[in-house]
Amino acid sequence: MDSCKKCSQKFSYWQGYQNYWSAKQQIECSNCKLPHAFTIRSRALSIALVIVVPSILQAALQTEKSAVVFGFWTLLLLYIVISLIMSFLTNPLLKVKPIKQ
């Protein structure tokens, strides 16, 4: 995770993770209260990995024979779990920039 551009305080992993999955567009430094926003490039990369990797794994597992073995709900659950794992792995890639007030 990135750090505050004003006071160099590191953002916590959970602070970034919660912000990533919430509708909030900014993350606030716990030390100096300066709001920051994730850069478009880092958010796009993270979203692409969270969506693309589980889709590829699901497509690889989903064949006519596996539909009988796995079923729709199992594949959906697998997709959700892999998406959550990928969001944990991509959290360190998220970069922030200060919001001008």
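Quick notes on this one:
- Between the listed residues 13, 36, 72, the Cα displaced farthest toward the positive end of the dipole of the chain, a dipole computed from Cβ unit charges relative to the Cα centre, is found at 36.
- Entry note, the chain: the mean residue ellipticity at 222 nm calculated from DSSP H runs of n ≥ 4, each adding -39500 (n - 2.57), is -18000 deg cm²/dmol after division by the residues and rounding to the nearest 500.
- Helix 72-90 and the longest principal axis of the Cα set of the chain meet at an angle near 30°.
- Pairwise alpha-carbon distances in the chain exceed 21 Å for 43% of all pairs.
- Rounded to the nearest 20, the size of the Cβ-charge dipole of the chain about its Cα centre is 600 debye, with Lys and Arg at +1 and Asp and Glu at -1.
- The chain - percent of accessible surface contributed by carbon and sulfur, probe 1.4 Å: 66
- The chain - accessible surface per residue (Å², probe 1.4 Å): 67
- Across the stretch 22-32, rounded Karplus estimates of 3J(HN,Hα) from the backbone phi angles (6.51 cos²θ - 1.76 cosθ + 1.60, θ = phi - 60°) give 8, 8, 5, 9, 9, 10, 9, 5, 6, 8, 9 Hz, Gly and Pro being marked x.
The values are calculated or read from the model by the stated rules, or taken from the named source; none is laboratory data. All of these numbers come straight from a predicted model, not from anything done at the bench. Heads up, the Cβs are rebuilt from the backbone with ideal geometry, glycines too, and the neighbour counts pull from every protein chain shown. Note: areas computed on protein heavy atoms with side chains; ligands, DNA, RNA excluded. Shrake-Rupley method; radii C 1.70, N 1.55, O 1.52, S 1.80 Å.
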